[in-house]
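Notes follow once the structure below has been shown.
Each reported figure results from applying straightforward, stated rules to the coordinates on display, with no laboratory input. Owing to the predicted nature of the structure, the values given are computational and were not obtained by experimental measurement. As a convention, Cβ positions derive from the backbone with ideal geometry for all residues, glycine included, and neighbour counts pool all protein chains shown.
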Amino acid sequence: MSRIETKAVMPAKAATPLRVGSPAPDFSLPSTPDQRVALREFRGRPVILAFYPADWSPVCGDQMGLYNEILPEFTKKNAELLGISVDGVWCHLAFAGQRKLHFPLLADFEPKGAVARSYGVYREADGVTERALFVIDGDGIIRWSYVSPIGINPGADGILAALDELHQ
Amino acid sequence: MSSHSPRLTLPVGTRDHARGPADAPVTLVEYGDYECPHCGMAHGVVQAVREKLGDRLRFIYRNFPLNTSHPHAMHAAEAAEAAGAQGKFWEMHDKLFENQQALEDADLMRYAQEVGLDTGRFTQDMQSHAFADHVQEDFRSGMRSGVNGTPTFFVNGQRYNGGAQLEPLLDALERMA
C-alpha cells in the first residue's frame with residue numbers, strides 16, 4: 001500500500017479499530033522486566049486483549065480488578081487474558097502487585113503505543129490507548145471487538161458472550 | 001463492531017431481596033460489595049432516593065463481592081443472605097453498610113445478635129456456607145449483565161452509567177417514575 005493510500009484509509013484523528021474477521025497482528029511485548037509475551041504463543045486458544053488507558057485507576061473494582069475477579073470464568077473457556085497499556089513494566093509490576101492481579105499486563109511502551117496503533121486503538125491526542133477489547137480465536141482471527149467510551153468501564157458481559165459464541 | 005447495551009440478564013424475581021412495592025414504576029437494582037467504600041457512600045444515596053420516591057420505587061440489592069481487594073466481602077454477603085433466610089435481610093444489610101470497618105466474623109455474629117437472629121441457625125448457615133451459591137449466582141448474573149465495578153446500578157433493567165451521587169441518580173429515576 002502506498003503512503004497516499006494509507007493516509008486516505010486512516011485519517012489522522014479517528015483511528016479505526018481492526019474489524020471482526022481480520023487477522024490479529026502478532027506482537028511481542030514485555031510483561032515483566034525480563035519476560036516477554038507474544039500473541040502467537042496462544043495459538044489454539046482464545047485470547048482476550050484488553051487495552052486500557054492507564055494503570056492506577058482510582059475506583060474499586062476498576063476494569064483490570066474486575067477482570068481479575070472474573071478470571072476463573074475466562075479460564076473455564078480456556079481463554080487467555082492480556083491487559084495492555086502504554087505504562088512501563090515497573091509501573092505494571094507495582095500496579096499488578098498492589099491489586100493482586102493474576103494475569104499479564106503488557107507494556108506497549110517502546111515504541112510507545114505501537115501495538116495499539118496496529119489494532120487501530122491508539123489515541124494520538126492523549127498518548128494512551130482506547131479502552132478497547134478484542135476477542136481473538138485459536139486461529140488468530142479477531143472474532144469480536146468493542147471500543148468503550150474512554151471513561152466507561154465496559155464490564156465483561158461482551159467478552160463472555162463472544163467466548164460463548166466461539167464455543168458454539 | 002458489536003453494539004453494546006448492557007441489560008440485566010437475570011430478571012428480578014422471588015430470589016431477590018426487595019424494598020418497595022412490586023408494581024412500582026421504577027426498579028433500581030444495585031450490585032454491591034459490603035466492604036467497598038463507594039458502596040458505603042452509595043448506601044446513603046439509595047436511602048435518600050427511596051425517601052424521595054416512596055412507593056414509586058422498588059429497590060433490589062444483589063451481591064458482587066470483589067474478593068481480591070475486599071477479603072471480608074464474601075462473608076459479609078453470606079451473612080446478609082443468612083439474615084434474609086430469617087426475614088431480616090435489610091436489617092443486616094443496613095448494619096453492614098453502617099459498619100464497613102468492622103466486618104470480621106466476630107463482628108458479623110454480633111450484628112446477628114443485634115438484629116435479633118436465631119444465632120445458632122446463623123452460625124450453622126455461616127459455617128456450612130449455606131448461601132455461598134446464592135451470592136455466586138448474584139455475582140455471575142452481574143458479570144453477564146455488564147456490572148463494571150461496585151456499585152453498579154440498573155434502572156428498569158438498563159445499566160446506569162451516571163455518577164452514584166444523589167442528584168444524577170435521582171434524576172435518572174425520576175425520568176422513569
### Task
Would you list the helices (runs of 4 or more DSSP H) that sit entirely within region B:91-165 and hold 1 or more residues that are over 30 Å from B:V26 (Cα atoms)?
B:105-114, B:119-127
### Query
Quick check, is B:M143 within 14 Å of another protein chain (Cβ to nearest Cβ) and among the aliphatic types (A, V, I, L, M)?
yes
### Message
Anything in region A:89-105 that is surrounded by fewer than 16 Cβ atoms within 10 Å (Cβ to Cβ) and either within 14 Å of another protein chain (Cβ to nearest Cβ) or not hydrophobic (A, V, I, L, M, F, W, C) (or both)? List them, or say none.
### Response
A:G97, A:Q98, A:K100, A:H102
### Query
If A:A162 passes every condition in (1) in contact (Cβ under 8 Å) with a residue 40 or more places away in the chain; (2) surrounded by 21 or more Cβ atoms within 10 Å (Cβ to Cβ); (3) touching a Leu at 6+ places or on another chain (Cβ under 9 Å); (4) within 14 Å of chain B (Cβ to nearest Cβ) but one, which one does it miss?
(1)
### Task
State which residue is nearest to B:E137 (Cα to Cα) when the search covers only region B:12-35 and only residues that are among the hydroxyl-bearing types (S, T, Y) and not in a strand (DSSP E or B).
B:T14
### Any hit, region B:67-77, residues being in contact with a Gly (Cβ under 9 Å, 6 or more places away or on another chain) and more than 14 Å from chain A (Cβ to nearest Cβ)
no
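Quick grid of which residues meet (1) within 14 Å of chain B (Cβ to nearest Cβ); (2) within 15 Å of the chain's Cα centre (by Cα):
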site	(1), (2)
A:T32	no, no
A:V37	no, yes
A:V47	no, yes
A:Y52	yes, yes
A:E73	yes, no
### Task
State which residue pairs qualify: first residue in contact (Cβ under 8 Å) with a residue 12 or more places away in the chain and inside region B:120-148, second residue exposed (fewer than 15 other Cβ atoms within 10 Å of the Cβ) in any location, beta carbons under 7 Å apart, and separation of 6 or more residues or different chains.
B:S145/B:R7
### Message
Anything in region B:84-114 that is more than 20 Å from B:R62 (Cα to Cα) and among the aliphatic types (A, V, I, L, M)? List them, or say none.
### Response
B:A102, B:A106, B:M109
#### Entry: Filter pass, A:D126 being within 29 Å of B:G162 (Cβ to Cβ), away from chain B (no Cβ under 14 Å) and more than 12 Å from the chain's Cα centre (by Cα)
yes
